Amino acid sequence: MHKTTAWPLALTYAALIVYASLYPFENWRPLALAPWTYLLVPLPRYWTGFDVISNLLGYAPLGFLLALAVLRSRPQGQAVLLATLAGGALSFLMESLQTYLPGRVASNVDLALNLAGSWLGALAAFGLEKAGAIDRWSRFRERWFVADSRGALVLLALWPMALLFPAAVPFGLGQVLERAEAGLAGWLADTPFLQWLPVRQTELQPLLPGVEMLCVMLGALIPCLLGYSVVRTLGHRLVFALSALAAGLAASGLSAALSYGPGHAWAWLTLPVQAGLVAALVMALALLPLPRRACAALLLLALALHLSLLNNAPTGAYFALTLQTWEQGRFIRFHGLAQWLGWLWPYVALVYVLARVSRREPDGP
């Protein structure tokens, strides 16, 4: 029996909603009001279509995943109700906490839209279950993937979402060292512990075109190797690799379109990036027959090299301006949803693969 991926995906999505709802987590203020006072406030006279759509669709995946998880363990009639109530409870808590954040506005309209989004997502899952789509997915998963593949499937489902957050190097997830150093220095300012931080002797140097090509190749190859470690047959691996690379291209193009406008969706496809993608495709094809355990071991090496190269390079001034657009503009609603995925995905994958290769399991191509 396969363990459902719906529960970990639902919990991950709920955590990201919490982050996006309460960002930037500062300047909390005490008020002589009950946190649910916003429920009695008159409806706002003005709102934007972007706010309506983002609040409605933002909770739909949560309702979908929660209902899907409940359908595996409880009678079908309870799934929609429980998923809708759980989504509504989370929204109520987030809106109540926003009462104490000066940069956020608690809204009864947002709560209603979030509740409706959870209900629509739960209905979609219930409808798919009634139509037999969930059973077909279970049979598909049994044919394509090994039994203990839930962690890899969760990571693979989150990988395109992680690419939506702007990256200094295309497919370059996990570049956190420079911002982590700056954040840590800010936290330790005016304390004696600031002297404990290691002082860099030289400034980080921009990546050479050849190194950038290598980073792009590794970044695109990593999800392929992760899939190879759980996909059963060589033919299925080929289809998976082509699909993964196509999903990565689409997510990176969408990220560029959100950041710079639709006319610049493919401006990031410079010569080193194109060469890196071609090299990733060639490597993915060459590694098709590699045994699953060897794929996992090679994935560890790829992750370590990729993170080492990325975190020894600066992010650059233009990238900083792009982040300001996301963090200060209307993308703030999606800031937390993509930022932490982009930062943490490769490190979580590293821990997962380490745990996987440390276990004894049947090997195969």
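Since every read-out is calculated from the coordinates, none of them should be taken as a lab result. In this text, all values refer to a predicted model and were calculated from it rather than measured experimentally. Every residue, glycine among them, receives a Cβ derived from its backbone with ideal geometry; neighbour counts consider all protein chains shown.
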If you place +1 on the Cβ of every Lys and Arg, -1 on the Cβ of every Asp and Glu, and leave all else neutral, what size is the dipole of the chain about its Cα centre, to the nearest 20 Debye?
1120 debye
Mean separation of Cα pairs under 8 Å and 6+ residues apart, divided by the residue count of the chain: what relative contact order is that in percent?
22 percent
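Given the peptides 168-177, 299-308, arrange them by the average over their residues of other C-beta atoms within 10 Å, most packed first.
Top of the packing list down: 168-177, 299-308.
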Along the positive direction of the dipole of the chain (beta-carbon charges: Lys, Arg +1; Asp, Glu -1; about the Cα centre), which of V273, A244, A257 reaches farthest?
A244
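Above 19 angstrom, tally the Cα pairs of the range 78-150 and express them as a % of all pairs, no decimals. If you can, show how the numbers build up before the last one.
Values: 1424 of 2628 pairs.
Tail fraction, whole percent: 54.
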Of G210, W7, P30, whose Cα points farthest to the positive end of the dipole of the chain (charges on the beta-carbon: +1 Lys, Arg; -1 Asp, Glu; origin at the Cα centre)?
W7
Give me, ordered by chain and number, the residues 5 or more places off F145 or on other chains with an amide H under 5 Å from its own placed amide H.
R232
Gaussian network model of the chain, springs between alpha carbon atoms under 10 Å - residue of W196, W137, W268 with greatest fluctuation:
W196
